[in-house]
Every structure is written in structure tokens, then in C-alpha cells.
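Working notes for the structure below.
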Amino acid sequence: MTLLVDAGNTRVKIAWLAPGASRRAGPPLILAHTELSGLAARLDFTPRRILGSNVAGGEVRDRLEQACRAAWNLPVRWHDARDGHDLLVNGYRQPARLGSDRWLGLLGLLQHVRDEPAWQAGAPCVLASFGTATTIDTLAWQAQADGTRRAAFIGGLILPGAALMARSLSQGTADLPLARGEPADFPTDT
């Protein structure tokens, strides 16, 4: 099995791929940053390799490395926006500044749509992710100097996630308390 690690701002998502599989089976395991030392006890297999993405900073990365080495004597092979440029052009002025989670998500989206007729015909694709932050990123074909075209990340937005927005509104407005509620298509109550 290949263990897939996505260390995000508020939690770590863990998924796995069976040998030869191109998609994970089942829902990911979700751990708080404080639960990383117990990762091995939550799995019923021994991974053969570990691939990771990290936007949570050096301390979380180090704790993940330690947990994986202690449990399986395996390093985590970290990936970021410097990987995959043979598949996708990174439109950032400083490509390494793009979060690894966003970049790897875009590579996954490209893998998913590459044979779709609409994509092949030139329709752009948008990837929206909703977590601690909301990100909206766009893939499109980009003409190259030699007359060919390549898939390209042409830019995106990073915005506060739903919980951050709710807290900000409750702190920055006079009559809008922080409240819980159920999502609705057309809410009739704040």
C-alpha cells in the first residue's frame, strides 16, 4: 500500500492506494495535528511507501516524519509545486509559492479531465476546495511559442473558509453573533 498524507492547516488527511490502483478506496482518515503519534495504530496495514503534501508548517511535517519512521522505518516523500511541471505549467511568478495541496489537487484534476471532450476542445476547468481556506483555481490550455498547447494553471483565489468567515463576521459586526445552523439553498434566517 501507498500511504497518502495531506497535512493541512487544521488537520491531516490520510488515504491509501492499493498496488496498481489509481484511486483511493474508502474515505480518508482525518487526524488532528496532536494525534499524529498514533497514526500507525489507526491503520491495519504496513505501507510500502509514503507520499505527502504539507501546508501545516515544519513542526507538523517533523511530527509526521517521526511517526512514520518510528512505526515503519519509512521516510515521507514530500511533494510540492516544484513537481509535475512536465504535466502542467504553473502560472505563478514564483511557482514554489503555490501551496502543495493546491498544486497536487490541480495535477489530480488534470488527470481526471485529460480525456474529456470539453477539456480537449478548450474548455477551462475550475477546482474549488473548501477547508480552513477556500481555494478556487483554474486550469486552461496555454499556447506555447512552438505553436503547441499545454495544460496550465492560470491562477486562482484563496479566501477564508466557512468557519473563518463566520468568526470574522461575528467579530467584525455589531448584530451578527457566531451561531450554528444547517446549510440551506435560500436561508430565511441569519
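Report the Stokes-Einstein translational diffusion coefficient (µm² s⁻¹, integer) for the stretch 41-130, Rh taken as the Kirkwood radius over Cα pairs, at 37 °C with viscosity 0.692 mPa s. Show your work: numbers first, answer last.
On the way: Rh = 15.3 Å.
D = 214 µm²/s.
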> Between residue 133 and residues 5 or more places away or on another chain, which pairs have amide H atoms under 5 Å apart, with H built 1.01 Å from N, and which residues are they?
Replying inline: 161
> Just in the stretch 5-102: which chymotrypsin sites (Phe, Trp or Tyr not before Pro) are loop by DSSP and have at most 16 other Cβ atoms within 10 Å?
Replying inline: 45, 92
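With Cβ to Cβ distances under 10 Å as the rule, what net charge do the other residues near residue 135 carry (K, R +1; D, E -1)? Don't jump to the answer; show the numbers that get you there.
Numbers: positive: 102; negative: 101, 137.
With Lys, Arg at +1 and Asp, Glu at -1, the net is -1.
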> Counting other C-beta atoms within 10 Å, which of 10, 2 has the fewest, and how do the rest follow?
Replying inline: 10, 2
> Cα centroids of the stretch 1-41 and the stretch 61-130: how far apart, whole angstrom?
Replying inline: 16 Å
> Based solely on its DSSP helices, what 222 nm [θ] is calculated for the chain when runs of n ≥ 4 H residues each add -39,500 (n - 2.57) and the sum is averaged over all residues, nearest 500 deg cm²/dmol?
Replying inline: -7000 deg cm²/dmol
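Compute the relative contact order of the stretch 15-130 as a whole-number percentage, counting only Cα pairs closer than 8 Å that sit 6 or more residues apart in sequence. Present the calculation step by step, with values, prior to reporting the outcome.
Numbers: 90 pairs, mean separation 21.6, N = 116.
So the answer I get is 19 percent.
Counting residues in the stretch 2-78 as N, plug N into 2.2 N^0.38 Å and put the Cα Rg over that result.
Numbers: Rg = 11.4 Å, N = 77, 2.2 N^0.38 = 11.5 Å.
That ratio works out to 0.99.
Here, each number is a calculation from the coordinates, and none is a lab measurement. Treat the numbers as computed from the prediction; the structure is a model and nothing was measured. Please note: Cβ atoms are built from the backbone with ideal geometry, for glycine as well, and neighbour counts cover all protein chains shown.
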